[in-house]
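Novice: Handing you this structure, nothing more for now.
The values are calculated or read from the model by the stated rules, or taken from the named source; none is laboratory data. Given the structure is predicted, the values throughout are model-derived calculations rather than measurements. Neighbour counts run over all protein chains shown; Cβ positions are idealised from the backbone, glycine included.
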Amino acid sequence: ILQRHREQFTLSKAWDAVTHGLQIYPSSPELFKALVEISCLYTTPNKLRWMFDEHCHKKPSVVVWLFALIFEISRSGSLHRIHGLFERALANDKFHNSVILWRLYVAYEINVVHNPSAARRIFFRAIHACPWSKKLWLDGFLKLNSILTAKELSDLQEVMREKELNLRTDIYEILLQDEILP
């Protein structure tokens, strides 16, 4: 909508319309997307950071945290700020069990920061917070298989069985296949 009506809108009208919409629908991904688009075109990143911080404190939702995190990651923001955002989001009782936030945190540590030991620690925190999430457990096998030992992977598989989170293949088959492939 913003791109179609860009010529008709001034910055203040567009900003006011989106912020008013966010007051009515505080978890709307479309409105946050519009907010990011407007800020990229017309404002400084600090104004958007301030807006995200305000929404994270007053009307927190997973959508707000995800947009704040993705904005910072896409801007190659400060590692300390991004870690702080993750930790603040996950410290909130409402979001401590959010599988998507934990998965994003592990992926961030592996793919962006390239810190496997931190990813390993975060993964274990994540499965402690969300033991029912099979996808989270599988992330450990798929993304951390080079970091975790065969014994740790075997132990993880055993705990998964106890929690009735079944795998279709045995972990030893996966490990053997990885050794065979160059």
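Novice: Mind checking which pairs have a first residue in the stretch 84-98 that is assigned to a loop (DSSP other than H, G, I, E, B) and a second that is β-branched (Val, Ile, Thr), Cβ under 9 Å, 6 or more apart or different chains?
Specialist: Lys94/Val62; Phe95/Val62; Ser98/Val62
Novice: Whether any residue in the stretch 79-86 is modelled with pLDDT under 90, among the aliphatic types (A, V, I, L, M) and in contact with a Phe, Trp or Tyr (Cβ under 8 Å, 6 or more places away or on another chain) is what I want to check.
Specialist: Taking every residue of the stretch 79-86 in turn, at least one turns out to be modelled with pLDDT under 90, among the aliphatic types (A, V, I, L, M) and in contact with a Phe, Trp or Tyr (Cβ under 8 Å, 6 or more places away or on another chain).
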